[in-house]
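**Q** This is the structure I want to talk about, given as structure tokens.
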Number of protein chains: 2
Amino acid sequence: MNNKTVISHGSESSGTNVCGRPLVECLQTIERFHGWKAPGLVLGLFMVDWARELIGEGVEADAIVETRHCLPDAIQLFTPCTVGNGWLKILDWDKFALSLYDRRERSGYRVWLDLEKAQPFENLYNWYMRLVSKKDLPLDVLNATILEAGRTVLSAEEICMTRFYRRIKKDAIAVCARCGEAYAAAQGPICKACQGEGYFQVVTQ
Amino acid sequence: MNNKTVISHGSESSGTNVCGRPLVECLQTIERFHGWKAPGLVLGLFMVDWARELIGEGVEADAIVETRHCLPDAIQLFTPCTVGNGWLKILDWDKFALSLYDRRERSGYRVWLDLEKAQPFENLYNWYMRLVSKKDLPLDVLNATILEAGRTVLSAEEICMTRFYRRIKKDAIAVCARCGEAYAAAQGPICKACQGEGYFQVVTQ
């Protein structure tokens, strides 16, 4: 089905240290930031761990995630890239994959959940493919499977970036003639909200 | 210029505790997560602080930011809302504003940088309007102005949500017939990347 050049698991995470920290500490970090130990984020932890290892410590890598579920938080917690600092880009494709890349060299590594490798881990596969209800698969049981699987359900490939490798620069801003707030000048003479695309009505007392 | 019903600063943050924590601790959190004490994030801290106070502690609030610069990180660090858990939505409007809202009641509060109020704080105003270069306005000087200004350069209003108040549910997924990866079924018979919208080429050794 696919002809990708897939990288071997290499040194495979030992299970005690992930992303340079003890696993238990990583899981606490996840829960504190994300609100709960979301299985997608636990799996994402192993994905980031492998991508970091592949690209190496010397590279100031930017990141792309191919879903807005969970993976953005894995990147934000375990790399220096955040949405707000502009180093992380999010593609809303619902593909469970992420890439770390050197934006100057335009090269990097992509890591993804490999469904063929995941199939033997029934809980993980059924959860990801939405074949089982939350009621029938308790979080602790699912997360135990994910921790057991670790990197073995993932694949990785070396990539050369063809798009999205530039950091997005701030555009010119202007003051909206209607609301008096600053906005991206490219939106036209008044801001998006004043053009009718706003999301709220003001409550007047 | 505008007829908004603006809320008074109320109890105004004392400068020692912001978002329920000592200011110095908040600034450390910002630097650790975002990589540096970005002025937009320091200002965002005061915005979140005020929005949190207005909506009250009892409300499990979702968030919207109206720019992808800095403010997403202010929300992610100082509320339970993150990009990856789906409680934070980002509008790419380059407006320095954020809202916290109760998604069931569809009501909440919006806080924004008020340019009229900001004008007396020359460093802050000139930075935000991009009237001064980084070279001519060192970060420490700018951040000192922002800390001095705090909430006084902001305005707030009570809002009723008309859009975006629902959490986005996960869509059905399918397995792409070309790459074999899972993707959002709504994209068609093959995934976006296989449709030609991908961002990389695989490097074959």
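The values are calculated or read from the model by the stated rules, or taken from the named source; none is laboratory data. Source: prediction; values computed, not measured. As a convention, Cβ positions derive from the backbone with ideal geometry for all residues, glycine included, and neighbour counts pool all protein chains shown.
**Q** Could you run through region B:189-200 and say how many residues are loosely packed, with under 13 Cβ neighbours inside 10 Å and either charged (D, E, K, R) or not in a loop (DSSP other than H, G, I, E, B) (or both)?
**A** 2
**Q** Checking the structure you have, find out if any residue of region B:100-110 is away from chain A (no Cβ under 12 Å) and of a type in the set (S, T, N, Q).
**A** No: zero hits.
**Q** Name, by its number, the condition in (1) polar (S, T, N, Q); (2) more than 7 Å from chain A (Cβ to nearest Cβ); (3) surrounded by 22 or more Cβ atoms within 10 Å (Cβ to Cβ); (4) farther than 23 Å from B:I7 by Cα that does not hold for B:T82.
**A** (2)
Matching residues to (1) within 19 Å of the chain's Cα centre (by Cα); (2) at pLDDT below 95; (3) more than 20 Å from A:V203 (Cα to Cα):
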residue	(1), (2), (3)
B:T82	yes, no, yes
B:I90	yes, no, yes
B:G108	yes, no, no
B:E122	no, no, yes
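**Q** Here is a follow-up. Only one residue in A:K135, A:K117 is surrounded by fewer than 19 Cβ atoms within 10 Å (Cβ to Cβ), without any contact (Cβ under 8 Å) to a residue 40 or more places away in the chain and in contact with a Leu (Cβ under 8 Å, 6 or more places away or on another chain). Which one?
**A** Matching residue, one of A:K135, A:K117: A:K117.
**Q** OK, next. Restricting to region A:29-71, what's the tally of residues that are out of contact with any Lys or Arg (no Cβ under 9 Å at 6 or more places or on another chain) and not acidic (D, E)?
**A** 24
**Q** In region B:132-188, what count of residues is obtained for those that are small (G, A, S) and part of a helix (DSSP H, G or I)?
**A** Number of matching residues: 5.
**Q** Considering region B:169-188 alone, what residues qualify as being of a type outside the set (G, A, S), surrounded by fewer than 17 Cβ atoms within 10 Å (Cβ to Cβ) and more than 8 Å from chain A (Cβ to nearest Cβ)?
**A** Listed by number, the list holds a single entry, B:K169.
**Q** For the subset of region A:49-79 comprising residues that are hydrophobic (A, V, I, L, M, F, W, C), out of contact with any Leu (no Cβ under 7 Å at 6 or more places or on another chain) and in a helix (DSSP H, G or I), which member is nearest to the other protein chains (Cβ to nearest Cβ)?
**A** Going through the qualifying residues, I end up with A:L77.
**Q** Within the set of pairs 6+ apart or on separate chains, which have a first residue in region A:15-38 that is assigned to a helix (DSSP H, G or I), a second that is loosely packed, with under 13 Cβ neighbours inside 10 Å and hydroxyl-bearing (S, T, Y), and C-beta atoms under 8 Å apart?
**A** Listed by first residue and then by second, the contacts come to A:L23/A:T16.
**Q** Scan (1) buried (at least 20 other Cβ atoms within 10 Å of the Cβ); (2) within 22 Å of A:C191 (Cα to Cα); (3) of a type outside the set (D, E) for the single condition B:M129 breaks and write down its number.
**A** (1)
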